[in-house]
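Take a look at the structure set out below.
The values are calculated or read from the model by the stated rules, or taken from the named source; none is laboratory data. Just so we're clear, the structure is a prediction, and the values are computed from it rather than from any experiment. Note that we place each Cβ from the backbone using ideal geometry, even for glycine, and neighbour counts take in every protein chain shown.
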Amino acid sequence: MISLIKRERPILVTRPSLPELAAYSTRLQRIWDDRWLTNGGPLVRELETKLRAQMSVENVVVYANGHLALDCALRSLRLKGEVITTPFTFLSTVNAIAMNGLTPVFCDIKESDCTLDEDKLEGLVTDQTCAIVPVHVYGFPCNHKAIQAVADRHGLKVVYDAAHAFGVSVDGCGLGTFGDMSMFSFHATKVFHTVEGGAVTFGDGSFRDALMSRKSFGLNMQGQCEIPGLNAKMTEFHAAMGLCNLELFPQQMKKRKALVERYQMRLKSVTGLRLFSWSREDVTYNYAYFPVLSEKRDLLLQRLAEDYNVFGRKYFYPAINELACYQDARGDTPVARRVAGQAFCLPLYADLALEDVDYICCAIKEIMKEI
Ligand code: T4K
């Protein structure tokens, strides 16, 4: 019997994992010994090497955060014109496009997994289109073959926003191998984190110099600057956290998988909720988020917070093309607008107990009976 007495401590949508302090201190000792703190030090290089193996990608460049990684990826391709993306994402995706002087165009999403609807993509391509930025939202993989086919037909670059997708693979291939480049976020709220951080993965090694120089003021190996760049370098302290967390990652995925399965089992027959499918046999999921759709979302989240001290989050609301600065952008997205009005994420992190999931699900059942 599960007690539904309001929890004293809030259960938040996520809680960053941390290594043992002693393990982090061991890594820090190297920083103290070398006095090498930033600007591409040995721990950053070690992290890039380990990420290459972990993500099964040819090339990795790490950054101070995911947003700057995406900015540098787009900047390095010297794009001009329109970029097609989806509005069901975090503001960062579209800001990175706009702040590079590019014009975002919005493609609708599929309700089944909230990723770009490949059937609506080609109709948005014009002679101004230069690239596609699809989002593996919640870590659900986009249909990369269909997207690449459109890109190839029209000579477009493809840069994935894979902020949520660390550790996800399709048919054994890491998502970082798709398109021209992929950006991953290593923010504290992500399945794998460096406190703040991010990376760009890419197959074509000739992109490396441009990607490296964009994060260091635009200076290249010869000390020249062809395009102005940013300061988007990852520090040794952040890389040290990443090296520790990489070791914990496999164990954390097992815990997250068990939590997602528990949510699925307990919520699958609750009237008024729509769950997503986690059963694609070709996909290895990372269980980054537990998204749900409900027309009663707002009331449900309010009651969960007030009566049970449980805090879900409206990831992602509103749709980006409902925000003032993007509301005039081209592209009709009825599905994204509807989904943004119903989507929310329930608490999910490796240290969450299965009993907490039971508590949250019982609370949801009680609320859904009453609203
Ligand atoms: N593209 C996409 C699709 C993205 O989702 C993101 C970021 C990006 C690009 C850009 O990547 P980064 O530049 O961030 O690397 C969070 C994250 O800050 C952001 O990384 C993430 N996506 C976005 C979806 O969510 P908030 O505003 O929801 O975070 P916040 O501070 O409200 O925290 C969420 C919950 O986590 C709270 O309940 C408290 C808890 N928390 C948070 C932090 C930071 C902790 O317990 N400890 C902590 O240290 O944005």
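In table form, for the structure just shown:
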{"read-out": "Pairs with Cβ under 6 Å, 6+ apart, first in the stretch 178-191 and within 14 Å of C142 (Cβ to Cβ) and among the hydroxyl-bearing types (S, T, Y), second part of a loop (DSSP other than H, G, I, E, B) and modelled with pLDDT of 95 or more", "value": "S182/A162"}
{"read-out": "Extreme residue, farthest from S206 (Cα to Cα), among residues of the stretch 57-75 that are more than 9 Å from the ligand (Cβ to nearest atom) and buried (at least 24 other Cβ atoms within 10 Å of the Cβ)", "value": "D71"}
{"read-out": "Candidate set: the stretch 4-36, residues that are assigned to a loop (DSSP other than H, G, I, E, B) and in contact with a strand residue (DSSP E or B) (Cβ under 8 Å, 6 or more places away or on another chain); chosen: the one nearest to the ligand (Cβ to nearest atom)", "value": "V13"}
{"read-out": "Members of the stretch 3-24 that are loosely packed, with under 13 Cβ neighbours inside 10 Å and of a type in the set (S, T, Y)", "value": "S3"}
{"read-out": "Hits in the stretch 296-318 (condition: in contact (Cβ under 8 Å) with a residue 40 or more places away in the chain and over 26 Å from I5 (Cα atoms))", "value": "Y315, F316"}
{"read-out": "Selection status of L230, under 19 Å from the mean Cα position of the chain (by Cα) and touching a residue at least 24 places away in the same chain (Cβ under 8 Å)", "value": "no"}
{"read-out": "Hits in the stretch 185-200 (condition: over 18 Å from E247 (Cβ atoms), buried (at least 24 other Cβ atoms within 10 Å of the Cβ) and out of contact with any Cys (no Cβ under 9 Å at 6 or more places or on another chain))", "value": "S185, G198"}
{"read-out": "Residue in the stretch 192-201 that is away from the ligand (no atom under 16 Å from the Cβ), out of contact with any Lys or Arg (no Cβ under 8 Å at 6 or more places or on another chain) and touching a residue at least 40 places away in the same chain (Cβ under 8 Å) present", "value": "no"}
{"read-out": "Output for the stretch 281-295, where each listed residue is part of a loop (DSSP other than H, G, I, E, B) and touching a residue at least 40 places away in the same chain (Cβ under 8 Å)", "value": "D282, Y285, N286, Y287, A288, Y289, S294, E295"}
{"read-out": "Candidates D113, D152, filtered to the one that is of a type in the set (D, E), in a helix (DSSP H, G or I) and away from the ligand (no atom under 11 Å from the Cβ)", "value": "D152"}
{"read-out": "Residue within the stretch 248-270 that is of a type in the set (A, V, I, L, M, F, W, C), in contact (Cβ under 8 Å) with a residue 60 or more places away in the chain and in a loop (DSSP other than H, G, I, E, B) present", "value": "yes"}
{"read-out": "Complete set of residues in the stretch 180-191 that are farther than 13 Å from V60 by Cβ, assigned to a loop (DSSP other than H, G, I, E, B) and within 15 Å of the ligand (Cβ to nearest atom)", "value": "H187, A188, T189, K190, V191"}
{"read-out": "Residue that is surrounded by the fewest Cβ atoms within 10 Å (Cβ to Cβ), among those in the stretch 98-110 that are in contact with an Asp or Glu (Cβ under 9 Å, 6 or more places away or on another chain) and of a type in the set (A, V, I, L, M, F, W, C)", "value": "M99"}
{"read-out": "Every pair of residues 6+ apart whose Cβ atoms lie under 9 Å, when the first sits in the stretch 68-89 and is farther than 19 Å from L230 by Cβ while the second is aromatic (F, W, Y) and in a helix (DSSP H, G or I)", "value": "P87/Y326"}
{"read-out": "Residue count for the stretch 323-371, restricted to those that are among the acidic types (D, E) and either under 21 Å from the mean Cα position of the chain (by Cα) or closer than 27 Å to P19 by Cβ (or both)", "value": "3"}
{"read-out": "In the stretch 155-177, residue surrounded by the most Cβ atoms within 10 Å (Cβ to Cβ) [restricted to those that are in a helix (DSSP H, G or I) and in contact (Cβ under 8 Å) with a residue 40 or more places away in the chain]", "value": "G176"}
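Condition check ((1) within 16 Å of the ligand (Cβ to nearest atom); (2) of a type in the set (F, W, Y); (3) out of contact with any Cys (no Cβ under 6 Å at 6 or more places or on another chain)) across all residues:
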| residue | (1), (2), (3) |
| --- | --- |
| K257 | no, no, yes |
| E261 | no, no, yes |
| G272 | no, no, yes |
| D298 | no, no, yes |
| Q302 | yes, no, yes |
| R313 | yes, no, no |
